[in-house]
């Protein structure tokens, strides 16, 4: 998608503070953090939202979760705990329509349920 901000970040066309990247996934610091550690983890492949993933994306989604744990470890969060969040579509709070996860940590999170 030529107008997708996350596609542009993944392609290196827009600046970001990268913390991880490989051929399938990139992770970078959120420009409006809501926690001491707030990292966005995205696939390089443009997938609009969680409902758009297909069976052929299963390996990519699994890899994305493995990257989330790797980044959490590198950020010193794995033993203390962290939150991995996906907002899906308008009522779910999604703002940018490129599948992404928020890795949040560095403070006590409030219970959601």
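Quick note: the coordinates plus some simple rules give every number you see, no bench work behind them. As the structure is a prediction and not an experimental result, all values here were calculated from the model. Because the Cβ atoms are built from the backbone with ideal geometry, glycine has one as well, and the counts that use them run over all protein chains shown.
Some notes on this structure:
- Looking across the stretch 1-37, the residues that are surrounded by 15 or more Cβ atoms within 10 Å (Cβ to Cβ), free of Cβ contacts under 8 Å to residues at least 24 places away in the same chain and either in a loop (DSSP other than H, G, I, E, B) or touching a helix residue (DSSP H, G or I) at 6+ places or on another chain (Cβ under 6 Å) (or both) come down to 16, 26.
- Looking across 47, 41, one residue alone is within 12 Å of the chain's Cα centre (by Cα), buried (at least 17 other Cβ atoms within 10 Å of the Cβ) and closer than 16 Å to residue 96 by Cβ. It is 41.
- The residue that is farthest from residue 17 (Cα to Cα), among those in the stretch 38-73 that are in a loop (DSSP other than H, G, I, E, B) and touching a helix residue (DSSP H, G or I) at 6+ places or on another chain (Cβ under 7 Å), is 53.
- When residue 112 is tested against (1) closer than 26 Å to residue 52 by Cα; (2) surrounded by 15 or more Cβ atoms within 10 Å (Cβ to Cβ), just one condition goes unmet, and that condition is (2).
- Selection within the stretch 78-109 - in contact with a helix residue (DSSP H, G or I) (Cβ under 8 Å, 6 or more places away or on another chain) and more than 28 Å from residue 54 (Cα to Cα): 78, 105
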